[in-house]
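A short worksheet on the structure shown next.
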Amino acid sequence: MPEGPEIRRVADALNRALAGRSLTGVWFAFERLQAYRPRLLGAAVTRVEPRGKALLTHFSAGLTLYSHNQLYGRWLIAGAGENPSSSRTPRVRLETEAATAVLYSASDIEIWPSAEVESHPFLQRIGPDVLDDGLAPESVVERLLQPAFARRKLGALLLDQSFLAGLGNYLRAEILWAACLGPDQRPADLPGEVLAALGRAIVEVPRLSYATRGGSGQTHHEAAFRFNVFKREGAACPRCRTPIRKIADASRPLYLCPACQA
DNA sequence: ATAGGCCTGGAC
DNA sequence: GTCCAGGCCTAT
């Protein structure tokens with residue numbers, strides 16, 4: 001149940017465990033995927049690539065596994081010949097001589113020819129990955145001011161994967177707090193320096209989360225990345241001590257400081 | 001722009 | 001059991 005930073009950690013862990021190794025075992029829970037098994041056995045895992053909240057696992061056989069964890073999917077890794085311990089439902093199992101990776105619970109699992117996976121509907125729709133190295137605050141500001149986005153409310157815009165891929169409900173709350181903005185503000189109405197601060201928050205908050213949260217990608221909340229507002233209803237705003245409120249925005253819970261987020 | 005549905009797991 | 005959720009799609 002991750003956002004961009006957690007997905008990227010999962011990709012890192014999978015790459016450490018699998019990348020460059022040949023598959024000694026392949027198992028799918030779905031009948032529709034069985035036909036790919038013979039082609040994948042003996043092929044190598046080339047690279048696991050995060051795309052927003054989706055993962056692309058590329059194989060040397062010219063096939064790519066598309067998976068999306070939604071709220072509930074989870075990759076776990078164990079040693080070679082072992083099984084991760086989990087009470088959840090296994091969906092995919094990839095085994096090499098170095099490690100075993102099992103994808104649990106996820107329902108959104110597909111195999112595509114690598115050459116065509118870019119035409120996957122989800123990949124077609126999403127914007128730049130918010131965690132891509134090349135993404136600069138200035139280009140985020142530029143994007144905020146594009147006609148398709150400039151007049152939309154920030155609360156909904158930050159959740160829209162076609163704006164930037166990888167943001168989700170905790171990141172939008174923390175970004176809005178960092179930029180001192182309420183969810184009803186629209187990019188087109190903001191003065192230049194406020195836009196610049198928003199651009200910086202959009203770039204920096206996910207990076208901080210990626211750099212400091214959790215260890216192996218198998219964990220959820222860990223101590224290093226501190227939520228300032230998310231799930232902190234009633235606690236004091238770290239900036240102005242006003243109690244944090246929980247509201248509904250864009251059909252999702254949003255936590256914010258009613259005093260310093262204008 | 002918003003509501004409802006879908007999928008699954010966890011908190012209560 | 002019930003409700004909620006860090007997601008996303010489709011229908012209004």
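The values are calculated or read from the model by the stated rules, or taken from the named source; none is laboratory data. Nothing here was measured: the structure is a model prediction, and the numbers come from that model. As a convention, Cβ positions derive from the backbone with ideal geometry for all residues, glycine included, and neighbour counts pool all protein chains shown. Just so you know, the surface numbers come from the protein's heavy atoms only, side chains and all, with ligands and any DNA or RNA stripped out. Shrake-Rupley method; radii C 1.70, N 1.55, O 1.52, S 1.80 Å.
Assorted remarks:
- Positions within region A:164-191 being of a type in the set (D, E, K, R) and more than 23 Å from A:R125 (Cβ to Cβ), in sequence order: A:E174, A:D184, A:D189
- For region A:222-262, taking the residues that are over 25 Å from A:R9 (Cα atoms) and among the basic types (K, R), the one that is nearest to DNA strand B (Cβ to nearest atom) is identified as A:K246.
- Test set (1) within 16 Å of DNA strand B (Cβ to nearest atom); (2) among the aliphatic types (A, V, I, L, M); (3) closer than 26 Å to A:S209 by Cα - A:V92 fails condition number: (3)
- Residues satisfying the stated conditions in region A:11-58, i.e. farther than 29 Å from A:Q161 by Cα and in contact (Cβ under 8 Å) with a residue 60 or more places away in the chain: A:R21, A:S22, A:L23, A:T24, A:G25, A:V26, A:W27, A:Y36
- Identity of the residue in region A:52-85, at pLDDT below 95 and of a type in the set (G, A, S), that ends up surrounded by the most Cβ atoms within 10 Å (Cβ to Cβ): A:A80
- For the criterion of being more than 16 Å from DNA strand B (Cβ to nearest atom) and of a type in the set (D, E), A:E116 passes.
- Subset of region A:145-175 (residues that are within 14 Å of DNA strand B (Cβ to nearest atom) and in a helix (DSSP H, G or I)): A:P147, A:A148, A:F149, A:A150, A:L154, A:G155, A:A156, A:L157, A:N169, A:R172
- When restricted to residues that are open to solvent by 10 Å² or more (accessible area, probe 1.4 Å) and either under 18 Å from the mean Cα position of the chain (by Cα) or over 30 Å from A:E174 (Cβ atoms) (or both), region A:14-42 contains 20.
- Listed by first and then second residue, the pairs linking a residue in region A:188-211 that is among the acidic types (D, E) to a residue that is open to solvent by less than 50 Å² (accessible area, probe 1.4 Å), with Cβ atoms under 7 Å apart and 6 or more places separating them unless they lie on different chains, form an empty list.
- The residue of region A:149-175 that is most open to solvent (accessible area, probe 1.4 Å), among those that are charged (D, E, K, R) and within 11 Å of DNA strand C (Cβ to nearest atom), is A:D160.
- Selection from region A:176-196 of residues that are under 18 Å from A:E142 (Cβ atoms), outside any loop (DSSP other than H, G, I, E, B) and open to solvent by less than 20 Å² (accessible area, probe 1.4 Å): A:P187, A:L195
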